[in-house]
Amino acid sequence: MTASFDPASSSASPAASSPEEPPTETLDLATQALRARPLPRSVEIADAVLRRSLSTPRRAELVRARGDRSWLRVSSLVLVAQVRAHVDEELEGGAVGRVLLDVDREGRLRALTVDLLVRYGHDILALGDRTRRLAAEAIGLALGPPASGDDLVTLTVSHVHVSDVTVGDPHLVDPTDEEPGDQPPT
């Protein structure tokens with residue numbers, strides 16, 4: 001047995017097929033009910049927000065090690081953490097804001113960018129040069145030294161970017177939290 005649709009026998013009219021709008025009183029009652037409901041304070045939901053953000057997966061790439069360990073792959077998240085820790089530990093007057101890696105299709109690390117927060121009054125060029133050396137050391141520790149014939153994997157930390165200047169210690173102070181009166185003289 002087959003069923004067929006007969007448009008002539010259908011009782012649905014174009015006006016009946018559109019959704020009905022609720023009466024204004026219903027919307028007013030719903031609005032009042034929502035406004036009467038207490039909102040959670042940030043202190044009460046902070047743990048849940050932190051738990052959710054920490055459980056969110058982060059995208060990582062696998063980076064090929066150098067030299068005799070070329071079969072080994074290291075997560076880009078590990079490399080970023082090692083560069084951040086090594087530079088922050090050794091650099092006075094500056095702190096790492098973020099670390100960006102450029103990995104090619106074969107898994108080779110081609111470029112590294114370190115974003116610095118610098119304390120006012122420190123020599124930016126000297127901090128940049130020191131950061132390049134420290135980042136190259138951290139990458140060398142993680143990926144290993146290049147083999148004699150491994151010229152393709154030579155890494156140069158080519159870019160150190162100063163994203164902000166702070167009056168306080170950049171390891172402890174977020175420049176966006178400083179008061180307008182705390183800014184260095186221009």
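See the values below:
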item	result
Total residues in region 96-117, condition among the hydrophobic types (A, V, I, L, M, F, W, C) and open to solvent by 70 Å² or more (accessible area, probe 1.4 Å)	1
Single match in Ala126, Ala95, Ala81 (criterion: without any contact (Cβ under 8 Å) to a residue 40 or more places away in the chain, among the small types (Gly, Ala, Ser) and under 19 Å from Leu172 (Cα atoms))	Ala81
Contacts under 8 angstrom Cβ, first residue in region 20-47 being assigned to a helix (DSSP H, G or I), partner modelled with pLDDT of 80 or more and open to solvent by 100 Å² or more (accessible area, probe 1.4 Å), 6 or more apart	none
Any hit, region 119-130, residues being open to solvent by less than 20 Å² (accessible area, probe 1.4 Å) and modelled with pLDDT of 85 or more	yes
Hey, Val157 surrounded by 18 or more Cβ atoms within 10 Å (Cβ to Cβ), closer than 27 Å to Glu61 by Cα and at pLDDT 85 or above or not	no
Residue that is most open to solvent (accessible area, probe 1.4 Å) [pool: residues in region 63-95 that are of a type in the set (Asp, Glu) and touching a strand residue (DSSP E or B) at 6+ places or on another chain (Cβ under 9 Å)]	Glu92
In region 95-148, residue nearest to Glu61 (Cα to Cα) [restricted to those that are part of a loop (DSSP other than H, G, I, E, B) and under 22 Å from the mean Cα position of the chain (by Cα)]	Gly107
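The values are calculated or read from the model by the stated rules, or taken from the named source; none is laboratory data. This structure is a prediction, so every number in the text was calculated from the model and none was measured. Every residue, glycine among them, receives a Cβ derived from its backbone with ideal geometry; neighbour counts consider all protein chains shown. We work out accessible area using only protein heavy atoms, side chains counted, and drop any ligands, DNA or RNA first. Shrake-Rupley method; radii C 1.70, N 1.55, O 1.52, S 1.80 Å.
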